[in-house]
Amino acid sequence: MSKATENYLGELHGALAKVLTSQVLTQEEVQVLDDEGMPVGSGEMAFVASPALIAVAAKFLKDNSITSDIKVDKNMGNLSDALAKKQKHSRLEDGKAAALKVVGES
């Protein structure tokens with residue numbers, strides 16, 4: 001069996017990057033129900049990528065050593081802030097305490 005050429009693998013890598021980008025950035029209009037219970041567009045757009053697709057895209061980035069600097073990337077900074085707020089408002093303040101409660105060793 002012959003091996004794929006570096007050029008062919010490069011094309012495949014580029015195509016995969018384009019497909020993942022397209023899928024992750026796909027948005028659809030959010031549907032709401034009208035007074036008669038019929039779905040209608042809300043005018044709001046939302047990303048529709050599944051958690052599995054997002055995991056594949058994240059792995060693709062990680063495998064290719066693509067990283068982001070929270071100080072430079074506004075979206076990553078916003079994500080960090082949101083996670084910090086979620087942690088602050090959590091009923092349990094740290095993961096270890098939560099795990100110990102689950103296993104009954106509080």
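Only the coordinates and a few stated rules stand behind these numbers; no lab work does. Please read all numbers here as calculations on a predicted model, not as lab measurements. Every residue, glycine among them, receives a Cβ derived from its backbone with ideal geometry; neighbour counts consider all protein chains shown.
Overview of results
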| item | result |
| --- | --- |
| Estimated FRET transfer efficiency (Asp35, Lys88; beta-carbon r; R0 30 Å; 0.05) | 0.15 |
| Rg(Cα) / (2.2 N^0.38 Å) computed for region 1-67, rounded to two decimals | 1.69 |
| Within region 1-84, trypsin sites (Lys or Arg not before Pro) in DSSP loop having at most 12 other beta-carbon neighbours inside 10 Å | Lys3, Lys71 |
| Rounded FRET efficiency, nearest 0.05, which uses the C-beta distance separating Val56 from Lys3 and R0 of 30 Å | 0.80 |
| Segment His13-Asp69, extension gain: residue separation times 0.36 nm, minus the distance between their alpha carbons | 17.8 nm |
